[in-house]
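Read through the structure below, which is laid out as structure tokens, and then see the notes.
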Amino acid sequence: MQTILGANGQIAVELARELHRAYTTDLRLVSRNPRRVNGSDAVVRADLLNAGQTASAVEGSDIVFFAAGLPANTEIWEAQFPTMLRNALDASRTAGAKFVYFDNTYMYPQDDSVQTEQTQFAPTGRKGRVRAAMASMVLAEMARGDIPVLVARAPEFYGPGRTQSFTNALIIDPLKAGRKPRVPVRDDRLRTLIWTPDASRALALLGNTPDSYGQTWHLPVAGERPTYREFANMASEAFGQDAGYTVVPRWALNAAGLVSAQVRELRELLPRYEHDNRFDSTKFTSRFPEFAVTTYDEGLAIIRREADA
């Protein structure tokens, strides 16, 4: 039995598809309101804030994937995320299950340095400190050695379906509506984006590869690093629209945060858009050279076909 905690997000949905396709049909999807992805999936309602419900949801699992998400609200993150993760780790230890933690890069320095699995945490802002504390909790469990544990970390998303990211919201969604894309802060800095189905396929592969445990892994990204100018123009071309976009400066996003709670919650991430973002996944691609990474052109073409369907 392989179990996904936090089963409704885009990463979890793609993960359930990949696990069913390539590894096992014995899947359990857990969330407050779970929905089947595959016909044979078992669904379990559970609140990960409740230790007992989490333990019951994990019982009998061989591998547990933690892919839970929360709304972009700092107070909710601080109050709930660490408890959810602690309950998941405790339940997995009790069940004797392997634990796969899906992580992001909020705890990394928001500068030009190349990000590798050895990058030291230097969080900026409250959300970054929450993610640093959570990652440290998982690393402590890994060091304890009672159960096999791995960390799988991804940079910013772009992707099909209900993918939620700055890039989807500012570039891809406007193009779907026939409008010009918007670029946050600067258009001349290098970006590293991960195609969400690639992240999920790689997560499934790592979880089902015994020697990947006891390590942190950067999930695979395309070798090229376009600037946002280049990515916005590639996206416009994919949608058959004239090249062109609007750069939304940092001051404008800060000002918008005065009236928009959603924008306000993202302001601590804005410094990353003033720098090149160079997320390195060489470790993964060296260990799994057969893994096919989706190029930006391929990903954007898939999004366009989905939009036209």
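Residues that are within 27 Å of Glu156 (Cβ to Cβ), within 20 Å of the chain's Cα centre (by Cα), small (Gly, Ala, Ser) and not in a loop (DSSP other than H, G, I, E, B): does the range 8-29 have at least one? Among the residues of the range 8-29, at least one is within 27 Å of Glu156 (Cβ to Cβ), within 20 Å of the chain's Cα centre (by Cα), small (Gly, Ala, Ser) and not in a loop (DSSP other than H, G, I, E, B), which makes the answer yes. Residues considered: Ala238, Ala292, Ala202. Of these, the only one that is under 21 Å from the mean Cα position of the chain (by Cα), small (Gly, Ala, Ser) and crowded, with 17+ Cβ neighbours inside 10 Å is Ala202. Per the listing Ile171, Ile76, the residue uniquely over 15 Å from Leu269 (Cβ atoms) and touching a Pro at 6+ places or on another chain (Cβ under 7 Å) is Ile171.
Out of the residues in the range 103-129 that are in contact with a Phe, Trp or Tyr (Cβ under 6 Å, 6 or more places away or on another chain) and farther than 15 Å from Ala72 by Cα, which is surrounded by the most Cβ atoms within 10 Å (Cβ to Cβ)? So the residue we want is Met107. Answer with yes or no whether Thr167 is under 21 Å from Gly9 (Cα atoms) and crowded, with 20+ Cβ neighbours inside 10 Å. Judged against the criteria, Thr167 is a match.
Looking at Asp26, Asp90, Asp41, can you tell me which residue is under 22 Å from Met137 (Cα atoms) and either touching a His at 6+ places or on another chain (Cβ under 9 Å) or not aromatic (Phe, Trp, Tyr) (or both)? Answer to the selection: Asp90.
Among residues of the range 192-239 being modelled with pLDDT under 95 and of a type in the set (Lys, Arg), the one that is farthest from Gly299 (Cα to Cα) is Arg229.
Checked against the criterion of being modelled with pLDDT under 95, farther than 16 Å from Leu49 by Cβ and either among the polar types (S, T, N, Q) or in contact with a Pro (Cβ under 6 Å, 6 or more places away or on another chain) (or both), the candidates Thr119, Thr124, Thr94 yield just one match: Thr124. Right, Ala132: hydrophobic (A, V, I, L, M, F, W, C), more than 30 Å from Ala232 (Cβ to Cβ), surrounded by fewer than 16 Cβ atoms within 10 Å (Cβ to Cβ) and not assigned by TED's automatic domain parsing to the domain that holds Gly240 or not? So Ala132 fails the test. Taking Asn233 as the residue in question, decide whether it is assigned to a helix (DSSP H, G or I), within 21 Å of the chain's Cα centre (by Cα) and of a type outside the set (Lys, Arg). Criteria not met by Asn233.
The values are calculated or read from the model by the stated rules, or taken from the named source; none is laboratory data. In this text the structure is predicted, and so the values were computed from the model without any measurement. Counting neighbours? That spans all protein chains shown, and the Cβs are built from the backbone with ideal geometry, glycine included.
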